[in-house]
Amino acid sequence: MSRPPPLHLGFLASHGGSNLQAILDAIAAGTLPARACVVISNNSGALALERARAAGVTALHLSRQSYPDDEALDRAILGALRSAGVNLVVLAGYMKKLGPRVLGAYRGRVLNIHPALLPRHGGQGMFGMRVHEAVLAAGDRESGVTIHLVDEEYDRGPILAQARVPVLPGDTPETLAERVLAEEHRLYPDTLRRIAAGEITLEKL
Ligand code: GAR
């Protein structure tokens with residue numbers, strides 16, 4: 001088991017950034033040996049950007065508002081990740097699809113977290129509360145969290161880690177989401193720690 005190079009993390013997040021915060025907290029606490037290099041959001045009002053600034057991490061708003069087309073935005077995101085020295089991209093509630101340049105340059109080095117047990121309840125349009133609504137509508141007895149590598153297909157890349165969360169009688173999408181999110185906050189830093197320790201191997205890191 002060989003130890004990979006130090007993790008230099010670049011985050012993309014669209015909204016609250018509570019998973020980002022859990023990872024920043026683990027770095028600050030010394031339980032995750034990694035450096036947070038940059039946080040990018042498509043949403044200028046994202047709390048994730050404020051969380052980044054509060055932790056002294058470069059926070060960038062990059063969206064179609066300031067770029068003429070998807071290709072220009074893809075180039076801008078890749079440029080920002082590269083100039084920050086990022087070697088592992090962490091999607092933390094990023095609701096946009098990454099462009100081919102970023103995916104090509106960071107193939108096998110982009111992680112995503114999904115609030116269900118993939119391959120169930122994934123795919124285009126399945127994010128946030130919609131996922132929990134689908135789990136309850138299907139009558140599933142359990143849900144959970146999946147961390148996977150990102151490729152061109154939504155929620156389809158190789159799975160690195162999963163954690164199970166029971167569905168309880170009387171659950172609403174909100175109560176289930178809360179229980180799943182707590183598990184996300186444990187699993188994401190832990191999976192990164194295992195990557196940093198060489199316990200999970202990313203071929204191209
Ligand atoms: C998390 O529950 C994450 O699993 C989900 O968005 C939320 C972001 O929360 N992602 C998806 O649904 C991706 N398909 P956060 O901004 O507080 O970390």
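Kindly indicate whether A137 is farther than 22 Å from I23 by Cβ and more than 15 Å from the chain's Cα centre (by Cα). Give the steps one after another, and end with the answer.
Numbers: farther than 22 Å from I23 by Cβ: yes; more than 15 Å from the chain's Cα centre (by Cα): yes.
It is true that A137 is farther than 22 Å from I23 by Cβ and more than 15 Å from the chain's Cα centre (by Cα).
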Checked pairs for the range 182-205, first closer than 17 Å to H8 by Cβ, second open to solvent by 40 Å² or more (accessible area, probe 1.4 Å) and small (G, A, S), C-beta under 6 Å and 6 or more apart or across chains, list as G198/S2
Taking the range 22-49 and the residues there that are free of Cβ contacts under 8 Å to residues at least 40 places away in the same chain and either within 9 Å of the ligand (Cβ to nearest atom) or of a type in the set (K, R) (or both), the one that is farthest from L181 (Cα to Cα) would be R35
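Can you confirm whether the range 67-90 contains a residue that is within 16 Å of the ligand (Cβ to nearest atom), out of contact with any helix residue (DSSP H, G or I) (no Cβ under 6 Å at 6 or more places or on another chain) and either part of a loop (DSSP other than H, G, I, E, B) or modelled with pLDDT of 95 or more (or both)? Let's see the steps before the verdict.
Within the range 67-90, the first condition is being within 16 Å of the ligand (Cβ to nearest atom), and the residues that meet it are 89-90.
Okay, now just the ones that are also out of contact with any helix residue (DSSP H, G or I) (no Cβ under 6 Å at 6 or more places or on another chain), so 89-90.
When the remaining residues are screened for being either part of a loop (DSSP other than H, G, I, E, B) or modelled with pLDDT of 95 or more (or both), the result is 89-90.
The answer is yes, given that some residue of the range 67-90 is within 16 Å of the ligand (Cβ to nearest atom), out of contact with any helix residue (DSSP H, G or I) (no Cβ under 6 Å at 6 or more places or on another chain) and either part of a loop (DSSP other than H, G, I, E, B) or modelled with pLDDT of 95 or more (or both).
Yes or no, residue by residue, for (1) on the phi > 0 side of the Ramachandran plot; (2) among the acidic types (D, E); (3) open to solvent by 40 Å² or more (accessible area, probe 1.4 Å):
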position: E152; (1), (2), (3): no, yes, yes
position: R156; (1), (2), (3): no, no, yes
position: A161; (1), (2), (3): no, no, no
position: R164; (1), (2), (3): no, no, yes
position: G170; (1), (2), (3): yes, no, yes
position: V180; (1), (2), (3): no, no, no
position: H185; (1), (2), (3): no, no, yes
position: T191; (1), (2), (3): no, no, no
position: T201; (1), (2), (3): no, no, yes
Residue pairs within 8 Å by beta carbon, gap of at least six or interchain, first lying in the range 50-76 and within 12 Å of V38 (Cα to Cα) and free of Cβ contacts under 8 Å to residues at least 60 places away in the same chain, second assigned to a loop (DSSP other than H, G, I, E, B) and open to solvent by 70 Å² or more (accessible area, probe 1.4 Å), listed first then second, are H61/S44
Taking the range 38-59 and keeping residues of a type outside the set (G, A, S), under 14 Å from L9 (Cα atoms) and open to solvent by 20 Å² or more (accessible area, probe 1.4 Å) leaves T58
T191 meets each of (1) over 15 Å from L91 (Cα atoms); (2) assigned to a helix (DSSP H, G or I); (3) more than 12 Å from the ligand (Cβ to nearest atom) with one exception, condition (1)
The correct count of residues that are within 7 Å of the ligand (Cβ to nearest atom), of a type outside the set (G, A, S) and either crowded, with 20+ Cβ neighbours inside 10 Å or within 19 Å of R194 (Cβ to Cβ) (or both) in the range 8-21 is 2
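Being part of a helix (DSSP H, G or I), of a type in the set (A, V, I, L, M, F, W, C) and either under 16 Å from K204 (Cβ atoms) or open to solvent by 20 Å² or more (accessible area, probe 1.4 Å) (or both) is the requirement here; does V135 meet it?
Spelling it out, it is not the case that V135 is part of a helix (DSSP H, G or I), of a type in the set (A, V, I, L, M, F, W, C) and either under 16 Å from K204 (Cβ atoms) or open to solvent by 20 Å² or more (accessible area, probe 1.4 Å) (or both).
The values are calculated or read from the model by the stated rules, or taken from the named source; none is laboratory data. In this text, all values refer to a predicted model and were calculated from it rather than measured experimentally. Neighbour counts run over all protein chains shown; Cβ positions are idealised from the backbone, glycine included. Ligands, DNA and RNA are excluded from the accessible area calculation, which covers all protein heavy atoms including side chains. Shrake-Rupley method; radii C 1.70, N 1.55, O 1.52, S 1.80 Å.
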